[in-house]
1. With a ≥ b ≥ c taken as the square roots of the eigenvalues of the C-alpha gyration tensor of the stretch 282-347, please select rounded if a/c is under 1.5 and otherwise prolate if a/b is larger than b/c or oblate if it is not?
2. Please sort 384-390, 39-45 by packing, taking for each peptide the average over its residues of neighbouring beta carbons within 10 angstrom, highest first.
3. Label the stretch 1-149 by shape, choosing from rounded, prolate and oblate, from the square roots a ≥ b ≥ c of the eigenvalues of the Cα gyration tensor; if a/c is under 1.5 it is rounded, and otherwise prolate applies when a/b is larger than b/c, oblate when it is not.
4. So how do 6-12, 402-408 stack up, highest first, on mean other-Cβ count within 10 Å?
5. Please give the peptides 121-129, 50-58, 292-300 ranked by average Cβ packing (other Cβ atoms within 10 Å per residue), highest first, as a rough proxy for protection.
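No value in this document is a laboratory result; all are computed from the given coordinates. On a predicted model such as this, the values are computed, not experimentally measured, just so you know. In this analysis, Cβ positions are derived from the backbone assuming ideal geometry, glycine residues included, and neighbour counts consider all displayed protein chains.
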């Protein structure tokens, strides 16, 4: 082992070892650019900006105690930034060929002897270029990677001179801060400043702060115990075609953007967040898909694990994984779109004051201490009760430039762990919002069939919202 090796955090170690035969822990993203760019320009930009993050020159090296980040002495930029000719079958259009290519990459492991990332440039695509990016989840979470990708665009804010060193000596501060109170005299060290994750984070960042009274200790201790029990005793999902044993082959899909301002207007009219509206439409699209397969979704619910950010955005450049997971039950069996939105809003409100994201983070941190077979067994307890992983990432409102070209559209897909076969992505960018899916073909051979039902669900919600009485009208509250 090199003398300058840097120990990988326990949570990142858990993500590194989470790969299995049917699910690889890779984040896959697509950038569509106009006009086309050259391979030379892309490599130069990656070298000048992307590699300012020292992590991307490092290999992940497992050992008996976990893993370390080690400088790749034979780093070769030409291996990591490659030109690719888009494979196309007879009669297949460019968009279908790109989706098939992304799905193939999502199921193809990265070279473990090299840094775990790669850019594939398709120089000629729909009158411009397409870039497919793959990064292993052990490097960073979605919020951090959005920060990285923004920093390499034209005019993007460059990272500090040595970004990966800024947290090299934190020694899993958040994992320790969560694990200690949970394992030492129950949970009295968590959340002494008030309700919710944001306040409890202040306590975690300053564990030396004294407790603020026995009543607060009891109240928050009870909340954590309740949330821990809720995680441990989660009921099984409703059985659907989307739940079962995956086969390892992937398919990806995405839709054309919806106007973000219209989504905001619907949310405002209903007293709901944008997130509530989008999640409800996703639930409706999944329910409609199952109905058309011949399944009756009435009364059924499925669980999606939703990432919850646990760090301040100004520290996103530090990379690593700093998020918890909240189990959100999606009401796929509610046919009325407005009733479905309100059901999602209620469930999201219940999660906002919950410690479940912190507890899930603690489980990941603890899993990083275990040997892989035991880690797999622990994490599969969650996977067995989950149908999907779902994430919603807010991007820039204005279109970005990259190497002089306009980034006209972007999409990404999240990995699923264990035997989970569905990953749902919602991404806002450039005034639009998109819905994307990655699915195991053994459970959902055509995820585009779900994606295509997303906009109709939103249109139904929009029209019903417009038909509601306005304040001040007869029969409405003034």
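1. prolate
2. Working: 384-390: 22.6, 39-45: 16.9.
Sorting 384-390, 39-45 by mean packing, highest first, produces 384-390, 39-45.
3. Prolate shape, in that a/c is at least 1.5 and a/b is the bigger ratio.
4. Highest mean packing first, the order is 6-12, 402-408.
5. 50-58, 121-129, 292-300
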